[in-house]
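**Q** This is the structure, below, for whatever I ask next.
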Amino acid sequence: MSFLERRNNQVKDRPCVVSAPGKLMLLGEHAVVYNRACLVTTVDQRMQVAAKRIEQQFLKLEAKDTGIYAYKKKITRLGKGRIPKGAVFVEFAVYNFFKNYEFYGGIEISTKATFSCRYGFGSSSAAAVCAIAALSELFKVNLSLREIFNLCYKGVVEIQGKASGFDVAAATFGGTLYFVTGGQTIEPIRVEKIPLVVGYTGFKADTATLVKLVAKKALKFPVVFDNIYNQIEKLVQIAREALLKRDWVTLGQLIDLNQGYLEALGVGSEKLARMIYAARTAGAYGAKLSGAGVGDCMIALVSDQKRKVVIKAITEAGGKVIDLKFGVEGVRIERK
Ligand code: PMV
């Protein structure tokens with residue numbers, strides 16, 4: 001398409017609406033930052049983005065959940081200057097889109113989540129994935145899921161420095177994934193219903209800070225940390241098989257082992273430990289933290305018979321149990 005054709009491409013009034021799911025790390029966090037594999041699933045809590053093309057060359061953004069009201073920036077200034085935390089993921093997504101495809105005009109975006117951005121379900125990445133998918137739809141670029149992932153992951157690395165991109169993959173592809181750093185492998189795992197209970201600690205973890213903390217600790221004992229990452233990758237590979245066979249007993253044991261390694265990396269916390277031990281004592285197959293650690297959520301793998309007592313135990317340990325479904329659909333256009 002020529003520049004003129006692009007310019008004359010009609011600017012629509014009706015916003016295009018796109019949604020993408022949040023995610024939950026099953027096994028392999030932190031190691032996945034260092035070229036290892038992880039297992040991630042999606043949750044039935046979605047980020048929704050409404051986007052409209054505008055004549056002016058601006059990004060206009062409204063993201064009330066993250067405290068962004070009437071944010072406005074020239075397309076040529078995107079990615080530069082001071083960017084508020086609540087806008088940065090969407091801004092970089094839009095920035096990379098316009099850098100790749102030199103379209104005339106701008107975009108007006110508003111985001112809304114059906115979940116609290118404090119849970120650590122990856123609301124920022126899901127919003128960025130939605131923004132790219134909406135831009136692709138509005139400017140008729142027809143990006144594949146892989147291209148949406150690549151563009152979005154580029155932005156995440158520009159923002160965070162070190163990041164695996166597992167959350168971007170989950171929001172894009174949906175389902176449950178076996179994933180290797182940067183999308184070297186993105187393999188769907190066909191598993192119907194994972195019997196998990198999710199407990200929220202009550203406070204938000206800062207992923208970038210915790211990734212840096214682990215990197216700093218690893219400087220003193222590089223071989224030890226590298227071996228821990230190897231062990232985590234090994235158990236993720238066995239867990240992949242267990243998941244495919246729905247062998248919950250084995251998966252539970254691997255979840256417990258993974259928690260041990262995460263404690264060794266230094267990303268556990270007293271609150272998480274209390275909730276994890278409560279779940280195990282109440283009869284869960286296994287329990288561990290999920291994500292960066294210290295705060296956010298823990299997961300417990302449970303049988304139907306033990307579900308109620310495990311929920312009660314986690315609640316008594318001070319956690320808030322969140323009712324979720326897993327392995328849901330990835331990014332999708334809700335309205336063209
Ligand atoms: O905090 P979360 O849920 O976004 O998970 C972070 C997982 C890490 O492996 C620590 C970071 C990453 O980019 O994979």
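The values are calculated or read from the model by the stated rules, or taken from the named source; none is laboratory data. All values reported here derive from a predicted model rather than from experimental measurement. Note that each Cβ is placed from the backbone with ideal geometry, even for glycine, and that neighbours are counted across all protein chains shown. These accessible areas exclude ligands, DNA and RNA; they are computed on the full protein's heavy atoms, side chains included. Shrake-Rupley method; radii C 1.70, N 1.55, O 1.52, S 1.80 Å.
**Q** Between Glu187 and Ser116, what is the spin-label point distance in nm, taking each point 7 Å from the Cα along the Cα→C-beta axis?
**A** 3.7 nm
**Q** Output the relative contact order of the chain, whole-number percent, from Cα pairs under 8 angstrom with separation of 6+ residues.
**A** 24 percent
**Q** Using 7 Å Cα-to-Cβ label points, what is the Asp247/Lys320 separation (nm, one decimal)?
**A** 3.8 nm
**Q** Right, another one. When the accessible area of the stretch 78-217 is split by element with a 1.4 Å probe, what percent falls to carbon and sulfur? Could you put the intermediate results ahead of the total?
**A** On the way: 2890 of 5510 Å².
On the stretch 78-217, the fraction of accessible area on carbon and sulfur atoms equals 52 percent.
**Q** Indicate the gyration tensor shape class of the stretch 200-246 (rounded, prolate or oblate), computed on the Cα atoms with a ≥ b ≥ c the square roots of the eigenvalues: a/c under 1.5 is rounded; otherwise a/b larger than b/c is prolate and the rest oblate. Don't skip to the answer; put the middle values down first.
**A** On the way: a/c = 4.17, a/b = 1.27, b/c = 3.29.
It is oblate, given that a/c is not under 1.5 and a/b is not larger than b/c.
**Q** If Glu91, Glu108 are ordered by their accessible area, calculated over protein heavy atoms with a 1.4 Å probe, which sequence runs from highest to lowest?
**A** My answer, sorted largest first, is Glu108, Glu91.
**Q** Whole number in Å², please: accessible area per residue of the stretch 82-151, 1.4 Å probe, ligands, DNA and RNA not counted. Walk me through the numbers before you get to the answer.
**A** Values: 2620 Å² over 70 residues.
With all protein chains present, the stretch 82-151 gives 37 Å² per residue.
**Q** Using Cα pairs closer than 8 Å and at least 6 residues apart in sequence, work out the relative contact order for the stretch 1-149, in percent. Mind dumping the intermediate values first?
**A** Values: 266 pairs, mean separation 44.0, N = 149.
Value for the stretch 1-149: 30 percent.
**Q** With the cut-off at 1.5 for a/c, could you classify the stretch 34-193 from its C-alpha gyration tensor as rounded, prolate or oblate?
**A** Judged from the Cα gyration tensor, the stretch 34-193 comes out prolate (a/c at least 1.5, a/b above b/c).
**Q** Taking the stretch 117-222, which trypsin sites (Lys or Arg not before Pro) meet the DSSP loop condition and have no more than 12 other C-beta atoms within 10 Å?
**A** Numbers: sites: Arg118, Lys140, Arg146, Lys154, Lys162, Arg190, Lys193, Lys204, Lys212, Lys216, Lys217, Lys220; in loops: Arg118, Lys140, Lys162, Arg190, Lys193, Lys204.
For trypsin sites (Lys or Arg not before Pro) across the stretch 117-222 that sit outside H, G, I, E and B with at most 12 neighbouring Cβ atoms in 10 Å, the list reads Lys140, Arg190, Lys193.
**Q** How large is the Rg to Rh ratio of the chain when both quantities use alpha carbon positions and Rh follows Kirkwood?
**A** 1.00
**Q** Suppose all protein chains stay in the model; what accessible area per residue would a 1.4 Å probe give for the stretch 200-336, in Å²?
**A** Using a 1.4 Å probe on heavy atoms only, each residue of the stretch 200-336 averages 50 Å².
**Q** Separation of the stretch 73-98 and the stretch 272-295 by C-alpha centroid, Å?
**A** 37 Å
**Q** Let me ask you something else. Could you work out [θ]222 nm for the chain from helices alone, using -39500 (n - 2.57) per DSSP H run of at least four and dividing by all its residues? Round to the nearest 500 deg cm²/dmol.
**A** -13000 deg cm²/dmol
**Q** When a/c is below 1.5 the answer is rounded, else prolate if a/b is larger than b/c, else oblate, so apply that to the stretch 249-321 with a ≥ b ≥ c taken from the square roots of the Cα gyration tensor eigenvalues.
**A** Details: a/c = 2.24, a/b = 1.26, b/c = 1.77.
Cα axes put the stretch 249-321 in the oblate bin.
**Q** Restricting attention to the stretch 21-92, which trypsin sites (Lys or Arg not before Pro) occupy a DSSP loop and are surrounded by at most 12 other Cβ atoms within 10 Å?
**A** Listed in order of number, the matching sites are Lys80, Arg82.
**Q** Same structure again: Carbon and sulfur: what percent of the stretch 261-336's accessible surface (1.4 Å probe)?
**A** On the stretch 261-336, the fraction of accessible area on carbon and sulfur atoms equals 51 percent.
**Q** Continuing with the same structure: What chymotrypsin sites (Phe, Trp or Tyr not before Pro) does the stretch 195-252 have in DSSP loop regions with at most 12 other beta carbons within 10 Å?
**A** Phe203
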